[in-house]
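Visitor: Please read through the structure below; I'll follow up with questions.
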Amino acid sequence: MKKILVMGLLILSLALTGFSQAGVSAASGGTLGPNLGDFPAGVSPLTGLPVSDPENLSLPAVLVSLSNFPVSARPQTGLSFAPQVYEIYISEGMTRLLTVFYGELPRSYAAPTGDQPVATGGLQAGGPLLGNRVWLDEDQDGLQDPWEPGIGGVKVDLEQASGALLASVVTDGNGYFAVQPEGSGPFKLRFWLPEGYQFTKQNNGDDDALDSDALSDGRTASLSFKGEDLSLDAGLVSTGSGSSGSGIGQPVAGAPIGRYEQPNDAVSGVRSGREAYVPIMAAFPGGCLVAASKSAVVNVTICKNVYGRDSQNINSAGLSLDQLKSIAEANVKPNRPVNYSGNVFSSQPPEGGQDADQLNVFYAWLNQSYWKYDPASQTYLRYEDFADPERVGEFRQSTDRLTGQPLGFENVVILFVEHTARRPTIIDLNMEPGTKGRAIVLRNGRMYDELYWSTMSESYERTTGLARPIRLRYADGTPFPLMPGDTWYHVATTYSAVWQTGGEDVWKFRFYPPTGAK
């Protein structure tokens, strides 16, 4: 999960790259896209955010077929590093995850933590917030980067200017926190430094949303609270001593997958190729599909087959993180630069929409999940069921096996697509180039209907004859602005339904399988 402070990051990127005046205008307006030239150098057109290594943007996407069933595959590996994840129905109530890796390649590390129990469950906001993050400043420059991890389990106090304690909170698994002050203050925040860390440079740079606000005693300068302020942060640097430490660069201890435990520096739980992947793959020219083989009657092209290491475990196939990058490098075509643009990103929510604090997702009785909006991180946190008849209605927070940190996506999108069951377990998706359909987008705690997804030809497609990834548009064809960050796509049948349930800000998505599918 990343802190979405795109404006400051873009200004920094522009300063470093000497981007054109046209780029400066686009950044100052808060909107990037839809065309590749609208994104500053080093910024991914799939997220609207800078990446840690700009050279990775020249590598084509690697799409990996990841298991969601059986549940021994959970937690999946690498989802928090994927700019796009497509959840696709594969029959018998099960879904599979087609995961797109591009720009920011996955890595494995032990999640850095403080000395308090990590907060869970997300924040229930009832008013304007003051927050929002404690992060590990890996490059020690005093500025937050989207790829730098948050630090959970750090205590944060809200104090009066006199020092009197008003409230205490603890950061969550991604380092986020928030308090709701009463009155206008003046206030101070105090960050309690865990053993094994020191504070990074304070107020380094011109962007309050990106810098560290903690002074040497852990307190911020005195501040007045006039409205929501999510720019109060603390950057920590590991001293390499003590019991906490950062853990970055060390393999995280992963839970066993059945009888075989996949190496912790691997993308594990790779499964077979599916017919439904065909149109999505076509939207990533030059991309490579990694899968654990396929049925002979499935027409999708696999460029890298991986095989299981344990014949008794269906989820034992995988590949190392180094292999993932090597696959991308092997597919580079110098005469065909990568262009995965087409969408627009803006940190400013668009007008309209309806409150959507939670989206309950029902694919089948034993395949349910939900998304809960977290206003501190401005993401939807994912919760999954146990796929157990004796535990129906129970959920746990989804995490990434590579890091152990909670999964949060800035955008949750429902694509209504025509499904055709060619066989009971082989389903085609009608979303090839030249098609479009209804879409719903959730971002910033709001749901936006009356949108559509599109693979229709626009200027780039007509000029080059090449496709680009799914684009989201208003009814008049104007690009819909996504929140800068990652996007989870639920691929629904055209007659699946979404409705309000249990409150005005709680919604339910009910998937109805295509005729002829198991």
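The values are calculated or read from the model by the stated rules, or taken from the named source; none is laboratory data. The structure presented is a predicted model; accordingly, all values stated were derived computationally and were not measured. Protein only, heavy atoms only, side chains kept; ligands, DNA and RNA dropped before computing areas. Shrake-Rupley method; radii C 1.70, N 1.55, O 1.52, S 1.80 Å.
Visitor: If only Cα atoms are counted, what is the Rg of the range 262-414, and what is its Dmax, in Å?
Guide: 18.7, 56
Visitor: Then there's this: Under Stokes-Einstein, with the Kirkwood radius over Cα pairs standing in for Rh, what whole-number D in µm²/s applies to the range 90-140 at 4 °C and 1.567 mPa s?
Guide: Translational diffusion coefficient: 79 µm²/s.
Visitor: Give me Rg/Rg_expected for the range 132-175, where Rg uses Cα atoms only and Rg_expected = 2.2 N^0.38 Å with N residues.
Guide: Relative to the rule-of-thumb radius for its length, the range 132-175 sits at 1.37.
Visitor: Can you give me the Cα centroid spacing of the range 57-90 and the range 442-518 in angstrom?
Guide: 18 Å
Visitor: Distance check, please: which entries in 304/518; 188/372; 372/436; 201/226; 372/508 exceed 20 angstrom between their Cα atoms?
Guide: Listed pairs above 20 Å: 304/518; 188/372; 372/436; 201/226.
Visitor: On to the next question. With every protein chain left in place, what is the accessible area of residue 327 in Å² (1.4 Å probe, nearest 10)?
Guide: Result for residue 327: roughly 20 Å² accessible.
Visitor: Largest first, how would 228, 182 line up by accessible area (1.4 Å probe)?
Guide: Final ranking, largest accessible area leading: 182, 228.
Visitor: Take the range 332-425, compute every pairwise Cα distance, and split them into 10 Å bins from 0; I just need the percent in each bin.
Guide: Percent of Cα pairs in each bin: 11, 30, 31, 21, 6, 0.
Visitor: If you don't mind, another one. Using helices alone, what [θ] at 222 nm do you get for the chain, with -39,500 (n - 2.57) per DSSP H run of 4 or more residues, divided over all residues and rounded to the nearest 500?
Guide: The helix contribution divided over the chain gives -2000 deg cm²/dmol.
Visitor: Output the relative contact order of the range 46-195, whole-number percent, from Cα pairs under 8 angstrom with separation of 6+ residues.
Guide: It comes to 21 percent, rounded to a whole number.
Visitor: Something else now. Please compute the Kirkwood hydrodynamic radius over the range 426-518, one decimal place, Å, based on all pairs of different Cα atoms.
Guide: 15.2 Å
Visitor: Ok, one more. With N residues in the chain, what two-decimal value do you get for its Cα radius of gyration over 2.2 N^0.38 Å?
Guide: It is 0.95.
Visitor: Another one. Write down the Kirkwood hydrodynamic radius of the range 24-88, to one decimal in angstroms, obtained as one divided by the mean of 1/r over all alpha carbon pairs.
Guide: 14.1 Å
Visitor: Restricting things to Cα coordinates, could you compute the convex hull volume per residue of the range 359-518 in Å³?
Guide: Hull volume over Cα atoms, normalised by residue count, gives 151 Å³.
Visitor: Binning at 5 angstrom from zero up to the longest distance, how are the C-alpha pair distances of the range 152-207 distributed in percent?
Guide: Using 5 Å bins, I get a P(r) of 5, 16, 22, 22, 22, 12, 1, 0 for the range 152-207.
Visitor: Order 197, 495, most accessible first, counting only protein heavy atoms with a 1.4 angstrom probe.
Guide: 495, 197
Visitor: Sticking with this one: List every residue whose amide H lies under 5 Å from the amide H of residue 113, counting only residues 5 or more places away in sequence or on a different chain, with H placed 1.01 Å from N in the peptide plane.
Guide: Placed amide hydrogens put nothing under 5 Å from residue 113.
Visitor: Can you tell me the 0 to 90 degree angle between the C-alpha axis of helix 6-17 and the longest principal axis of the chain, rounded to 10?
Guide: 90 degrees
Visitor: In addition: Kindly work out what percent of the DSSP beta bridges joining two residues of the chain are antiparallel, to the nearest 5.
Guide: Around 75 percent antiparallel, to the nearest 5.
Visitor: How many Å² of accessible area per residue for the chain, probe 1.4 Å?
Guide: That works out to 38 Å² for each residue.
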